[in-house]
Amino acid sequence: MGVAIFLFSLAATFEWGEFQGWGNIPLIFVGLGVVSFSLLVWWRQDMSFGMHGEIFEPKSTGAPFQNIDIRKVAMWMFLMSEMMVFTALFSTYMRYRLGIPNCKTVFHSGEWVEGTAVTCFEPAGHLIASSWFHIAPGAINTFALIVSSFTIVQALRYAKKKDIDEDVRRRKVTRYLGTTWFLAIVFLTLKMVEWFLGFPLPEFLHEFNHGDSTIKSLYAEGYLINADNYQHHAFDTEYIEKHPEDYSIPEDSALYAMMQDGSHQGGKMFANIQVSATTFYVTTGTHGAHVLGGIVGLTYMTLKAARGGYTPDNAVSIEYFGLYWHFVDLVWVLVFPFFYLY
Amino acid sequence: MAEKTVLGMDLYWLNFYGLMILTLIEVLAVGANLDPVAESLGTEEKVITLWILTIIAIPKFIMIAAIFMHLYGDEDSGILTMTALFPAFFILIMVLFVGLTHPDAASSLPDWCRPGTYGL
């Protein structure tokens, strides 16, 4: 609820980047306050373990969750609301993807003239899945999240082990949580590479990248939320003629026939891809924000583990965070194929 | 969280290996040339890829939820699985009725929801 208040009031205050007045500023702080208070309560609950030797984990008493830890139930409720958030993003994506003609289809239809932008859907997968190099950051990220899901499980397992030395437990839990933290950082770093930075290729690989020395970022490719004049060499008849090994215009397409009879001059197709880029960035960005939130939690937990803060009696905190982290992985299981590969 | 084994192997390691293999297949499916398969089935390569990705995503989803998130095998797994499935009805409505079935989709959306009218 706090996040919703914060986001809505922030959006109302800065509409399309322009300051709309001070009216909603207090609400921004109310949102932040609710989030901070919730985190404080959670942290206090986490700290209450073993401070004076006592263990205090309140249990639910009402149906249908009798005798289940309240924090565990709360975490599942939270995850269900998160599921609805991502479902909204997915259904938005499906609706637009199915409703707006694909840029490739529009290009082959010949219903465009160079210089005038046409609205079409350009899936990010067209750029990302275009070569092994382009797909590398996303693929590595997929493996990173799966490994991190496993390391958090291992952290919980060692935190709960009663038959090992306390120091061994401390080191194992710290290492596994630290590894999870590191993999989360890797994930966001590669996301930055993919979105904004791109990366250079060693010389011997240039020939496999059309002679280019770098893999461009989505930003450099012009795949932006305000791209109303997007161009790609796959939608350029001159480029296609020069590089028949990469692209071709199907002989049964309308564009091919029109170019043959001279009714279409060919050239570059300009595309308005704002909707496709927005659905991509909002969905993957929301997921990235969850990873960022996980990094904050993991930083605290790793430091706590390093000080020997986790014992078999209070390992549940790792379990509850683990649920969140697995959920982030679960969402990626769907985001990766549908937004990156397809 | 009791220590669980399947065929003498640790369940969590087994799950981890399974997820890694499925992900590898996923990435390979995108890189592989599936044109001959698509042609033999009378469809596009992308459709084949989408089917492969969807089919692989389902067991991955279940493996993470059931094993890593303990929705299988724990004392409270039953009620928590029911809790996790509770939004499924709403998700079905959102995905099927909003995402898929609208015939005109973006072309019949109000102006403020269409490209070119965002004030960007």
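The values are calculated or read from the model by the stated rules, or taken from the named source; none is laboratory data. As the structure is a computational prediction, the values presented were derived from the model and not from experiment. Here the Cβ positions follow ideal geometry from the backbone for every residue, glycine too, while neighbour counts run over all protein chains shown. These area figures cover heavy atoms from the full protein model, side chains too; ligands, DNA and RNA do not enter into them. Shrake-Rupley method; radii C 1.70, N 1.55, O 1.52, S 1.80 Å.
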**Asked** What's the Kirkwood radius of the stretch A:134-179 in Å, using all Cα pairs?
**Response** 11.5
**Complete:** Listed by chain and number, the residues whose amide H is under 5 Å from that of A:N102, excluding neighbours fewer than 5 places away on the same chain and using placed H, are A:F121
**Prompt:** Given the Cα atoms of the stretch B:1-50, and with Rh set as the inverse mean 1/r over their pairs in the Kirkwood sense, what is Rg to Rh to two decimals?
**Reply:** 1.28
**Item:** Buried accessible area, chains B and A (both chains, 1.4 Å probe, Å² to nearest 100)
**Value:** 5200
**Dipole-positive endmost among A:F29, A:M259, A:F196 within the protein assembly as shown (Cβ charges, Cα centre)** = A:F29
**Item:** Sorted largest first, extent of the stretch A:265-325 alpha carbons per principal axis (Å)
**Value:** 74, 18, 13
**Prompt:** Just A:N272, A:N209, A:N102 to compare: in a GNM of chain A, with alpha carbon springs under 10 Å, which one fluctuates most?
**Reply:** A:N209
**Asked** How big is the C-alpha Rg of the stretch A:179-257 next to the rule-of-thumb value 2.2 N^0.38 Å, as a ratio?
**Response** 1.48
**Item:** Ranked order, A:R44, A:R171, A:R95, A:R307 - accessible area, probe 1.4 Å, largest first
**Value:** A:R307, A:R44, A:R171, A:R95
**Fill in**
Taking Cα atoms, the helix A:132-160 axis meets the longest principal axis of chain A at an angle in degrees (rounded to 10) of 10
**Prompt:** Can you give the FRET efficiency for B:S77 and A:L205, using 1/(1 + (r/R0)^6), R0 = 51 Å, r = Cβ-Cβ distance, to the nearest 0.05?
**Reply:** 0.60
**Fill in**
Packing-ranked peptide list from A:156-165, B:41-50, highest mean Cβ count within 10 angstrom first, is A:156-165, B:41-50
**Given charges at beta-carbon only (K, R positive; D, E negative), |dipole| of the stretch B:1-74 in Debye** = 180
**Request:** Measure nothing fancy, just the Cα-based angle from helix A:316-335's long axis to the longest principal axis of chain A, in degrees from 0 to 90, nearest 10.
**Result:** 10
**Complete:** Against the 2.2 N^0.38 Å rule of thumb, the C-alpha Rg of the stretch A:30-182 sits at a ratio of 1.63
**Item:** Translational diffusion coefficient (Stokes-Einstein; Kirkwood radius from C-alpha pairs) of the stretch A:76-117 at 10 °C, 1.306 mPa s, in µm²/s
**Value:** 123
**Asked** In terms of Cα to Cα distance under 17 Å, which lysines are near enough to A:K172, apart from those fewer than 8 places away along the same chain?
**Response** A:K160, A:K161, A:K162, A:K304
**Message:** Projecting each Cα onto the charge dipole of the protein assembly as shown (Lys/Arg +1, Asp/Glu -1 at the beta carbon, about the Cα centre), which of A:T279, A:I135, A:F150 comes out farthest on the positive side?
**Reply:** A:F150
**Item:** Radius of gyration and Dmax over the Cα atoms of the stretch A:93-144, both given in Å
**Value:** 14.4, 44
**Request:** Report, largest value first, the span of the C-alpha coordinates of the stretch A:147-213 along each principal axis, in whole Å.
**Result:** 58, 23, 16
**Fill in**
Looking only at lysines whose Cα falls under 24 Å of A:K191's and that sit 8 or more positions away or on another chain, we get A:K216, B:K60
**Fill in**
The extension gain from A:S263 to A:S36, computed as 0.36 nm times the residue separation minus the Cα-Cα distance, is 75.4 nm
**Prompt:** Which one of A:V335, A:A227, A:A305 has its Cα pushed farthest toward the positive end of the charge dipole of the protein assembly as shown, where Lys and Arg give +1 and Asp and Glu give -1 at the Cβ?
**Reply:** A:A305
**Fill in**
Taking max minus min of the Cα coordinates of the stretch A:192-323 on each principal axis, largest first, gives extents in Å of 79, 37, 25
**Distance in nm between pseudo-label sites at A:A289 and B:L85 (7 Å out along the Cβ direction from Cα)** = 3.1
**Fill in**
the protein assembly as shown: antiparallel bridges as % of DSSP beta bridges, rounded to 5, reads 75
**Prompt:** What Kirkwood hydrodynamic radius do you get for chain A when you take the inverse of the mean 1/r over all pairs of distinct Cα atoms, in Å?
**Reply:** 23.4
**Prompt:** Using a basic spin-label model with each label point 7 Å from the Cα along Cα→Cβ, how many nm lie between B:L96 and A:F196?
**Reply:** 4.2
**Complete:** Tilt, helix A:166-192 to longest principal axis of chain A (alpha-carbon atoms), in degrees rounded to tens, equals 20
**Request:** Provide the per residue accessible area, probe 1.4 Å, for the stretch B:1-74, rounded to a whole number of square angstrom.
**Result:** 54
